[in-house]
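The values are calculated or read from the model by the stated rules, or taken from the named source; none is laboratory data. Note that the structure is predicted; figures quoted are calculated from it, not measured. Neighbour counts run over all protein chains shown; Cβ positions are idealised from the backbone, glycine included. Heavy atoms of the whole protein, side chains included, go into the accessibility calculation; ligands, DNA and RNA do not. Shrake-Rupley method; radii C 1.70, N 1.55, O 1.52, S 1.80 Å.
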Amino acid sequence: MHETKTFPDPIVILGAGHAGVAVAAGLRTQGWDERIVLVDADPGLPYERPPLSKELLKPGSAGHATPLRRAGYYEERGIETLLGLQATSIDADNHTVTLSDGSSRKYHRLVIATGSTARALRIPGGDLPGVQTLKTFDDATRLRGQLTKGARIVVVGAGYIGLEVAAAAAALGCDVTVLEFQDRVMSRVTSEPVSRFFEHHHEDHGVRFVFGAAVTAVEGTDRAQHVLTADGGRYPADVVIAGIGVVPNQGLAEAAGIECNDGILVDEHGRTSHPAVYAAGDATRFSSPFDGSSLRLECIQNAMAQAECIVHHILDKPRNGTEIPWFWTVQHGVRLQTAGVRHPDDELIVRGAVEDRKFSVVYLRKGRLSAVDTVDSLKDFMAAKKLIGAGASLDATLVSAPDVPLAQAVISSSSS
């Protein structure tokens, strides 16, 4: 039932990324007509993050951020924005947040959607000019200006961000080297067949990989000139990009006594350990509704799903279903889409021919579909999302036949 009582204090949302804006917009759409205050350190219009390492770096890009909502949206819907300010402390017991201009705001409910921070290179020379991370529009703009033809780009880390930057840099005519500590690309998020496919795909576009590379220092006088590795490697660099993951922005919550453990701990409704405080997006950690595992997911889908949970809980409205986590990346024009969360011990089945650049890798856990990676195979991606949510068990032989739709590989309860 909708709360009809009038509240003297607003719902305050800290962070205007995907999660924060989705909470504000969702509250209005679902009927919350009380005050909403959206606070963010960035003074500009809230914008989308995925294009920063993709479209914005591409040749011919206009170099503009893509806004999450058009100009005027917030004012028209009575969402008060405090942009260019950030929260400095939370007094959870007194429902008060203090901002960087020294003012304080009382709140009825608080939503922490402060996201994450790109992990920096904490090594000698890691703070030299020419070494940077990619997390914000300013980061992307600065990087874009340095991706000139012939520039020597060293990417540290072969995850999504590192590989997307490598692809953009290669397309712009840069000389690109990727240094990765593990023995294959995207090892944290996918299996070896997918890793090797993208490794070769990048190499076809001129990207070099060095695996088992432990970066120890960045060398240079006025700016970065070389990246050093533990095995004595010395790689010339005009620009060094650290793509070595993110850390959740949980400091405010932690200082306020809210439970954290590599992420702000939230339940299925987005509630933290304090009853009036919610959290959503990259800053959070939660238990998977599918297998109970502890997760911290850095993806738009999770941010939006958690925002929706918070909106429905605040409004005391029921919410239908739980969406399967899904992710995507585009590298040299090839799209990898993932649904579900794989486990390294899952049974792995390749559908299709990798050399055709159109295939899927299906992951089964005790016979049940747990996750899928698809390379330019939208049908498998869409089908797998539904089947994972349904807890479907699949016939491995049928799964391995690419001409058989995944839905037809389901083992019915009557035949099991």
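Among the lysines, which have Cα under 20 Å from the Cα of K386 when same-chain residues fewer than 8 positions away are ignored?
Leaving aside lysines fewer than 8 places away in the same chain, those within reach of K386 are K366.
Can you classify segment 1-144 as rounded, prolate or oblate using the Cα gyration tensor, where a ≥ b ≥ c are the square roots of its eigenvalues, rounded means a/c under 1.5, and otherwise it's prolate if a/b beats b/c and oblate if not?
On the way: a/c = 2.83, a/b = 1.61, b/c = 1.75.
In terms of gyration-tensor shape, oblate.
Would you please name the trypsin sites (Lys or Arg not before Pro) within segment 1-66 that are DSSP coil residues with at most 14 other C-beta atoms within 10 Å of their C-beta?
Hits after loop and neighbour filter: K5.
Give me the accessible area of V362, 1.4 Å probe, in Å² rounded to the nearest 10.
About 0 Å², ignoring ligands and nucleic acids.
Could you pull out the trypsin sites (Lys or Arg not before Pro) across segment 337-416 that fall in loop regions by DSSP (anything but H, G, I, E, B) with no more than 10 other Cβ atoms inside 10 Å?
For trypsin sites (Lys or Arg not before Pro) across segment 337-416 that sit outside H, G, I, E and B with at most 10 neighbouring Cβ atoms in 10 Å, the list reads K366.
Mind ranking K135, K106 by accessible surface for me, highest first, 1.4 Å probe?
Final ranking, largest accessible area leading: K106, K135.
Would you mind classifying the chain by shape? Square roots of the alpha carbon gyration tensor eigenvalues, ordered a ≥ b ≥ c; an a/c under 1.5 is rounded, otherwise it is prolate if a/b is larger than b/c and oblate if not.
oblate
What distance in nm separates the two pseudo spin-label positions at H343 and D376, each 7 Å out from Cα along the beta-carbon direction?
Taking the two extended label points, one gets 3.4 nm.
Would you rank L348, L147 by solvent-accessible area, highest first, keeping every protein chain in place and using a 1.4 Å probe?
Working: L348 75, L147 10 Å².
The most accessible residue leads, giving L348, L147.
Using the Cα centre of the chain as origin and beta-carbon charges of +1 (Lys, Arg) and -1 (Asp, Glu), tell me which of L14, A409, L82 is placed farthest towards the positive end of the dipole.
A409
Divide the volume of the convex hull of the Cα atoms of segment 173-287 by its number of residues and quote the answer in cubic angstrom per residue.
168 Å³
Can you give the accessible area of T221 in Å² (nearest 10), computed on protein heavy atoms with a 1.4 Å probe?
Accessible area, nearest 10 Å²: 110 Å².
Taking a ≥ b ≥ c as the square roots of the Cα gyration tensor eigenvalues, with a/c under 1.5 meaning rounded and otherwise prolate when a/b beats b/c, else oblate, which class fits segment 95-248?
prolate
Which number do you get for Rg(Cα) / (2.2 N^0.38 Å) in segment 263-416?
Normalised Rg, Cα atoms only: 1.14.
Give the carbon-plus-sulfur fraction of the accessible surface of segment 206-279 in %, rounded to a whole number; probe 1.4 Å, heavy atoms of protein chains only. Let's see the in-between values first.
Details: 1590 of 3280 Å².
Carbon and sulfur atoms account for 49 percent of the accessible area of segment 206-279.
Cα centroids of segment 337-376 and segment 1-67: how far apart, whole angstrom?
The distance from the Cα centre of segment 337-376 to that of segment 1-67 comes to 33 Å.
Quickly estimate the mean residue ellipticity at 222 nm for the chain, helices only: each DSSP H run with n ≥ 4 gives -39500 (n - 2.57), and the total goes over all residues, rounded to 500.
Details: 9 runs with 86 residues, N = 416.
Mean residue ellipticity, 222 nm, calculated: -6000 deg cm²/dmol.
Over 29 Å between Cα atoms: which of K54/K385; K54/K379; K317/K379; K54/K358; K54/K149 fall into that group?
K317/K379
Given Cβ point charges of +1 (Lys, Arg) and -1 (Asp, Glu) and nothing else, what value in debye, to the nearest 20, does the dipole of the chain about its Cα centre take?
The dipole magnitude comes to about 480 debye.
Would you kindly find the accessible area of T88, with a 1.4 Å probe and non-protein molecules such as ligands, DNA and RNA excluded, rounding to the nearest 10 Å²?
Here the residue's solvent-accessible area equals roughly 80 Å².
Find the relative contact order for the chain and round it to a whole percent, using C-alpha pairs within less than 8 Å whose residues are 6+ positions apart.
On the way: 916 pairs, mean separation 58.2, N = 416.
14 percent.
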